[in-house]
Amino acid sequence: MPPDFARYIVGPDEDVALTDHDTGATGGYEPGEARAELARLVERIADLQARLYAEERQSLLVVLQGIDAAGKDSTVAHVFRGVNPQGCRVYTYKQPTPDEQAHDFLWRYHHDTPARGMIHVFNRSHYEDVLVVRVKQLIEEERWRSRYESINDFERMLVREGTVLLKFFLHISKEAQLERFRERLERKDKHYKFSSNDVRERRRWDDYQAAYEDMLRCTSTDEAPWYVVPSDHKWYRNLVVARAVAGTLDSMNPRWPEPEEDLEAFAASELGQLSARSSR
C-alpha cells in the first residue's frame with residue numbers, strides 16, 4: 001500500500017503551526033475516486049481485523065481528536081463499517097463522573113484500552129485532559145503541562161505491552177465548522193448533534209488551536225505519532241484515516257493461528273468414523 005498518508009505525520013518535538021496545514025487538501029483525489037478506494041480499504045481493514053482477533057497477540061488503539069464538528073463520529077462510521085463488532089469497541093468520553101474525578105486523570109481511560117486481539121477507538125480521549133482543562137482554566141497550568149509527560153509514559157507502556165497506537169487530529173477550518181453547525185440546525189436527522197454549548201465553545205477557537213498545537217508538539221512520539229488530517233472534505237478525511245489504519249494493520253501482520261491439532265489426520269479419522277456410523 002503506498003505510504004502517502006505519512007505526509008500528515010507530526011515528527012517528535014516538531015514545532016506545529018496549524019495555520020500551515022491546509023484543512024481543505026484533497027491529495028489530488030476526486031470524490032468518486034476517493035470513495036471507491038475507501039470501499040476497498042474497508043474490506044482490507046475487515047480482513048486484517050478478523051486475523052488480529054483470531055491471533056490474540058497484539059492490539060490497536062485509535063485516538064480521534066478534533067474540535068466540535070470535525071467529524072469524529074462520521075470517521076468511525078465510515079472507516080470501521082466493515083469490522084466485526086466482536087473485535088472492535090468505540091468509547092466516547094464526556095465530563096468525568098465524581099468517581100472518575102477522585103482518581104488520577106488517566107484512570108478512566110486505561111480501563112478501556114484494548115485487550116490482545118482487539119481494536120478500540122477513543123472518540124475523544126485522554127487528550128481532553130490537556131485541552132478542555134487548559135482552555136477553561138479548570139486546573140493550574142503547572143498541572144496540565146505535567147500531563148504531557150504522563151501521557152507519553154502511558155502510551156509508551158501500552159506500546160511495550162503490545163498495543164499499537166494511531167492518533168488522528170481531524171483538522172477543519174472555522175468556516176467548515178460553521179457550515180456543519182448550520183447543517184445540524186437545518187436537517188432533522190442532524191438535530192440531535194446540535195448543542196448550544198458547541199456554539200459557545202466556538203468563541204474560544206484561538207485558545208483551542210493553541211492548545212492543539214502544544215498537544216501535537218509535546219505528545220507526538222516515535223512510538224505514538226500524531227497525524228494532522230485535512231478534514232474540510234469528509235470524503236478525503238475518511239480516505240486518509242482508512243489508509244493509515246489499513247497500512248498500520250498490514251505492518252502488524254496479523255496471521256491466522258495454527259490449529260492445535262493435525263486437522264487432516266482428524267478429518268481422516270474422526271469424520272471418517274462419523275460418516276461410517278451415519279451410513280449404517
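Full extension of the chain segment joining Arg116 with Glu149 gains 9.3 nm, where the gain is 0.36 nm per residue of separation less the Cα-Cα distance.
Taking 0.36 nm per intervening residue step and subtracting the Cα-Cα distance, what contour gain separates Asp214 from Arg7 on full extension? The span from Asp214 to Arg7 would gain 72.6 nm if fully extended. Each peptide in 155-162, 240-247 was scored by the mean count of other Cβ atoms within 10 Å over its residues; highest first, the order is 240-247, 155-162. Directionally averaged projected area (region 53-153, Cα convex hull): 7.4 nm².
Mean residue ellipticity at 222 nm, helices only, the chain: -14000 deg cm²/dmol; runs of at least 4 DSSP H residues each add -39,500 (n - 2.57), and the sum is divided by the number of residues.
Approximating the spin labels as points 7 Å out from Cα along Cα→Cβ, the His191-to-Lys136 distance works out to 2.7 nm.
The mean sequence distance of close C-alpha pairs (under 8 Å, at least 6 residues apart), as a share of the length of the chain, puts its relative contact order at 36 percent.
Say the cut-off is 20 Å between C-alpha atoms; which of Lys167/Lys193; Lys167/Lys190; Lys167/Lys234; Lys136/Lys234; Lys72/Lys174 go over it? As for pairs spanning more than 20 Å Cα to Cα, those are Lys167/Lys193; Lys167/Lys190; Lys136/Lys234. Scaled to the globular estimate 2.2 N^0.38 Å, the Cα spread of the chain, given as radius of gyration, is 1.16. Counting only Cα atoms, the size of region 213-268 along its three principal axes is 62, 28, 12 Å, in decreasing order. Bridges between two residues of the chain, per DSSP, are antiparallel at a rate of about 10%. Between Leu18 and Arg57, residue separation times 0.36 nm minus the direct Cα-Cα distance comes to 10.4 nm. Working note: Cα gyration tensor of region 155-264, eigenvalues times five, square-rooted, sorted largest first, giving semi-axes of 37, 21, 13 Å.
The Arg255 and Arg203 beta-carbon pair, evaluated with R₀ = 51 Å, returns a calculated FRET efficiency of approximately 0.50. For the chain, the longest principal axis of the Cα atoms and the long axis of helix 141-160 meet at an angle of about 10 degrees.
Readers should treat all values here as calculations from the given coordinates under stated rules, not as data from a laboratory. All values derive from a computational prediction rather than experimental measurement. Reconstructed Cβ throughout: ideal geometry from the backbone, glycine too, with neighbour counts over all protein chains shown.
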